[in-house]
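Quick notes on the structure that follows.
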Amino acid sequence: MFLKQAVLSLTLLGAIHASNAQNLPWHLGSSQKNGSHAPSAVNTANIHAGPHQITVAVIDSGVIAGHPSLQGQLLPGYDMLSAPHNLRGGRSANFAPDEREARCGQRLVSGSFRTHGTEVASLIAANGAEGVFGVNTTAKILPIRLFGACGVSRHDLLDAIAWAAGLPVEGVPDNPYPARVINMSMAGGLAVCGADLQRLIHRVVEKKVFVIAAAGNNFHKPLQEPANCQGVISVGALDAENKIEIYSALDTRTTLYAPGGGRRLDSNAYWSHNKLMVATYELGFLGNERAAALHRGVGTSFAAPIVAGFVSLWLSHHADKQTSDLAKDLPNFLRHVEQVAKCSECAPKGLMANEGLAPP
C-alpha cells in the first residue's frame, strides 16, 4: 500500500477540509464546521497555515526518511550522538535511527525505540499520505538524532539543542536551517533544571526559538529535565475525553496538556480507541520492515509534538513573534481540563485552536 511515493503540495490543506471527521485523526478535530469532535482535540482541522514556512527541530531517536507520510517534509539534519554512545562511531549527517534489533552490549533496541522519532515528526508535519496528518503540513522537520542503543550524554543533549537553534557547535558544520521550534519528546533528567541546560535554554529563547518538551510518563510525579526548565513549554497528556492520562507527569509548572492517548475509552465515539495516528514502521509477514500508518501513539512523547505543530502553525502567521508573545496569546487557545485530586493546586489547561490563530 506504500508502493507509490506521495507527491503533495500545500493544496493538501484543502483535502483536509474536504474529509469527514472519521477520516481525520481525532486529535485534530472535525473538518466539518458542525461536526462532532473529540473533547480534547486541538481543532486545527479548519485552520490554514500562514505564508511563513516554519522549521521544527525534532531531537529524538532519529527519523526514517523514506516514509511516504514524511516525503517532502524533511530537511538535512544531523546525528549528534558522539562516541562511545554512537554505534556508527560518531557524529555525522546520517540522522537515521539505529538499525532494527541493534545491540549495545547486551541491550537490544526495541522497534518502538527505533521508530519513536519518525512517529513524533509525523504528528508535527506529516503530509497526509495514508491518513497521517501533522498539525501543520507546511512545516519542515529538522531531524536531530540524540539517542540510540547506547543511551545519551548530557554533552550531546546540550549540543543538539544549540545546533537546532543555529548556535555554533565545535566540530560540527553550521546548521543551515535553524529551527524556530524545538521538540524534545523525552524526560527523565535532573529533578531541578541544571545550570548548564538552563543557560542554554535562555540563549535559545533569546533567539526567538520555542522549546517544547514532554512532561514525562512518570505517573503523576513532578516534572524532570528538560520540561522543568524555565522558558520550556512543558506538555502533559490527555485522553480523547479531555482528562489527564494516569501516566502523565502532574505538576503546577506544566504549561498545558494535549492529546496523548492511552487505553481504549468506554464509548462508541470514533475517537474511543484513544491512540494517535502516526507514521511508523512494522514487521511484515515475512519479517521485513515496512512503512505503516497506525493508531499507536501513546504518551507525553506524542502530546508534545501536537503542541510543537500548533506553535509552528501560529508562527506561520506571526513569524516575528517570540515566546513572550505566545504567553500573551496562549490564553485565547486554552480550554479547561478536569483537575486531578492528587494536585489540588494544579489548574490544568488543554489546547484548542480558534479563528484567531489564523487572522484574515
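Looking at segment 250-272, can you tell me whether even one residue there is out of contact with any helix residue (DSSP H, G or I) (no Cβ under 9 Å at 6 or more places or on another chain), closer than 28 Å to Pro143 by Cβ and surrounded by fewer than 22 Cβ atoms within 10 Å (Cβ to Cβ)?
yes
Would you check if Asp325 is touching a residue at least 12 places away in the same chain (Cβ under 8 Å), part of a helix (DSSP H, G or I) and surrounded by fewer than 23 Cβ atoms within 10 Å (Cβ to Cβ)?
So Asp325 fails the test.
(1) touching a Phe, Trp or Tyr at 6+ places or on another chain (Cβ under 9 Å); (2) open to solvent by less than 10 Å² (accessible area, probe 1.4 Å); (3) closer than 30 Å to Ala195 by Cα; (4) not in a helix (DSSP H, G or I): which one isn't true of His85, the others all being true?
(2) is the only condition that His85 fails.
Can you find even one residue in segment 263-279 that is under 19 Å from Val135 (Cβ atoms) and among the charged types (D, E, K, R)?
The answer is yes, given that some residue of segment 263-279 is under 19 Å from Val135 (Cβ atoms) and among the charged types (D, E, K, R).
Exactly one condition in (1) at pLDDT below 95; (2) open to solvent by 20 Å² or more (accessible area, probe 1.4 Å); (3) in contact with a strand residue (DSSP E or B) (Cβ under 6 Å, 6 or more places away or on another chain) is not met by Leu334; state its number.
Just one mismatch for Leu334, condition (1).
Does segment 94-152 hold any residues that are open to solvent by 10 Å² or more (accessible area, probe 1.4 Å) and among the hydroxyl-bearing types (Ser, Thr, Tyr), and which are they?
Ser110, Ser112, Thr137, Thr138
Looking at segment 46-82, which of the residues that are among the β-branched types (Val, Ile, Thr) and outside any strand (DSSP E or B) is nearest to Phe210 (Cα to Cα)?
Per the stated criteria, the residue is Ile54.
Give me a count of the residues in segment 144-197 that are closer than 25 Å to Ala249 by Cβ, part of a loop (DSSP other than H, G, I, E, B) and among the acidic types (Asp, Glu).
0
The values are calculated or read from the model by the stated rules, or taken from the named source; none is laboratory data. In this text, all values refer to a predicted model and were calculated from it rather than measured experimentally. Reconstructed Cβ throughout: ideal geometry from the backbone, glycine too, with neighbour counts over all protein chains shown. Just the protein is used for accessible areas: all its heavy atoms, side chains included, with ligands, DNA and RNA removed. Shrake-Rupley method; radii C 1.70, N 1.55, O 1.52, S 1.80 Å.
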